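Before any comments, here is the structure.
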Ligand SMILES: NC(=O)c1ccc[n+]([C@@H]2O[C@H](COP(=O)([O-])OP(=O)(O)OC[C@H]3O[C@@H](n4cnc5c(N)ncnc54)[C@H](O)[C@@H]3O)[C@@H](O)[C@H]2O)c1
């Protein structure tokens, strides 16, 4: 028996054109699921969908900006029409912005304003709300659903250069706990994975700096940065029926970066 089998399931993975999301899409497809590969960049989404279909799986690539509820609603409708109703939603699209690079000379928080905060909150918080809002009516109607959101240890333990981003990620985790309580009776689970540094294009500039990378790695009990598959393994578990009795939780996948109860 393969407890991670996704055969017959349709998953929507946001921001899946590269990095963690791409690997989540490949993992789900590799376990038999059909995948709506979303990205803000259509070429990236289509390339990952093609990778899946060329390997014999089922996928389509759809462009949409998760910060726009109308676009997300239309994407869910198109994905459902082409592959079937969405059973699994992976809220992966995220935006740490230039502040993800600790070397970047960003102004301190007290010199910034709502216009600076908006991109982080829009993608990392509203993006999650929008996608859940669009996918949930179908899940409730069918009495089945898996929602997994990718958050960050910046939202659990705090990072000085990622305060607003971390706040948005912590908001997504808090939202997920409340949502888990309201949709559990409909057969829907809602969980998060919380990542520390994962080797993706999004953080390539940080990892590429040997001095900075060495300094950062001192905080990791397992002395390496994560790979997209480290994150995708946990997402796949939470998206599968193996995690049927797990809801409202945030799983750290972080090489021991922050060991908290
Ligand atoms: N890589 C890390 O070290 C790390 C650490 C902690 C948390 N995370 C989180 O993991 C997730 C994936 O990170 P990654 O490093 O793979 O990112 P990445 O930047 O490499 O890729 C993210 C993808 O999401 C897409 N995207 C961004 N905003 C979007 C939007 N509004 N609508 C649709 N698509 C959008 C981008 O076009 C890109 O292809 C994010 O939520 C990120 O915050 C990453």
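Every number here is computed from the coordinates shown, using simple stated rules; none is lab data. If you're wondering where the values come from, they're calculated on a predicted model, not measured in any experiment. Every residue, glycine as well, gets a Cβ built from its backbone with ideal geometry; the counts of neighbours run over all protein chains shown.
Assuming a viscosity of 0.692 mPa s and a temperature of 37 °C, what translational diffusion coefficient in µm² per second does Stokes-Einstein assign to the chain, Rh being the Kirkwood radius over Cα pairs?
180 µm²/s
PRE reach from residue 258 (point 7 Å along Cα→Cβ): which of the stretch 148-168 fall under 16 Å by backbone N?
From the stretch 148-168, the list is 150-168.
For a quick check: sort 224, 9, 22 by the number of other beta carbons within 10 angstrom, fewest at the front.
224, 9, 22
Report the Cα centroid-to-centroid distance between the stretch 102-173 and the stretch 1-79 in angstrom, as an integer.
Measuring centre to centre over Cα atoms gives 20 Å.
Along its principal axes, what span do the Cα atoms of the stretch 70-211 show, with the longest given first and each in whole Å?
Answer, in whole Å and largest first: 50, 28, 26 Å.
Work out the FRET efficiency for residue 177 and residue 50 from their Cβ-Cβ distance, taking R0 = 45 Å, and round it to the nearest 0.05.
In this case the efficiency is close to 0.75.
Listing 7, 247 from the residue with the fewest other Cβ atoms within 10 Å to the one with the most, what is the order? Walk me through the numbers on the way to the answer.
Working: 7 9, 247 20.
Result, fewest neighbours first: 7, 247.
Based on the Cβ-Cβ distance from residue 245 to residue 7, what FRET efficiency comes out when R0 is 30 Å, to the nearest 0.05?
About 0.90, to the nearest 0.05.
How big is the C-alpha Rg of the stretch 6-76 next to the rule-of-thumb value 2.2 N^0.38 Å, as a ratio? Mind dumping the intermediate values first?
Working: Rg = 11.0 Å, N = 71, 2.2 N^0.38 = 11.1 Å.
Compactness ratio reported: 0.99.
In which sequence would 246, 20, 76, 3 go, from the one with the fewest C-beta neighbours within 10 Å to the one with the most?
3, 246, 76, 20
When the helices in the chain are scored as -39500 (n - 2.57) per DSSP H run of 4 or longer and the sum is shared across all residues, what 222 nm value do you end up with, to the nearest 500 deg cm²/dmol? Could you put the intermediate results ahead of the total?
Values: 10 runs with 113 residues, N = 261.
Result for the chain, helices only: -13000 deg cm²/dmol.
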